[in-house]
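Any read-out appearing in this document is the output of simple, stated calculations on the displayed coordinates, not a laboratory observation. These numbers were taken from a predicted model, which means no experiment stands behind them. Glycine also receives a Cβ, built like all others from the backbone with ideal geometry; neighbour counts cover every protein chain displayed.
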């Protein structure tokens, strides 16, 4: 999967930016909730905020793949 993401052109930096953007979007959604259905805006803001760990984890995987450490817990040689 990581090789496919690299082939598509995604990098570690892009995934980290997407993670930070999801945090920012979550805060923006949370703060712009309007009307009688504020709970829906709050839930959607939390949902978007939960994307950040996924983006960060994929970024870490891409970084490990780039540095040659594909397996988890492998030590540098």
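Out of the residues in the stretch 27-55 that are within 27 Å of residue 67 (Cα to Cα) and touching a helix residue (DSSP H, G or I) at 6+ places or on another chain (Cβ under 7 Å), state the one that is surrounded by the fewest Cβ atoms within 10 Å (Cβ to Cβ).
51
Does the stretch 7-19 contain any residue that is out of contact with any helix residue (DSSP H, G or I) (no Cβ under 9 Å at 6 or more places or on another chain), outside any helix (DSSP H, G or I) and surrounded by fewer than 13 Cβ atoms within 10 Å (Cβ to Cβ)?
yes
Only one residue in 24, 59 is assigned to a helix (DSSP H, G or I), under 17 Å from the mean Cα position of the chain (by Cα) and either at positive phi or surrounded by 15 or more Cβ atoms within 10 Å (Cβ to Cβ) (or both), so which one is that?
Exactly one residue qualifies, and that residue is 59.
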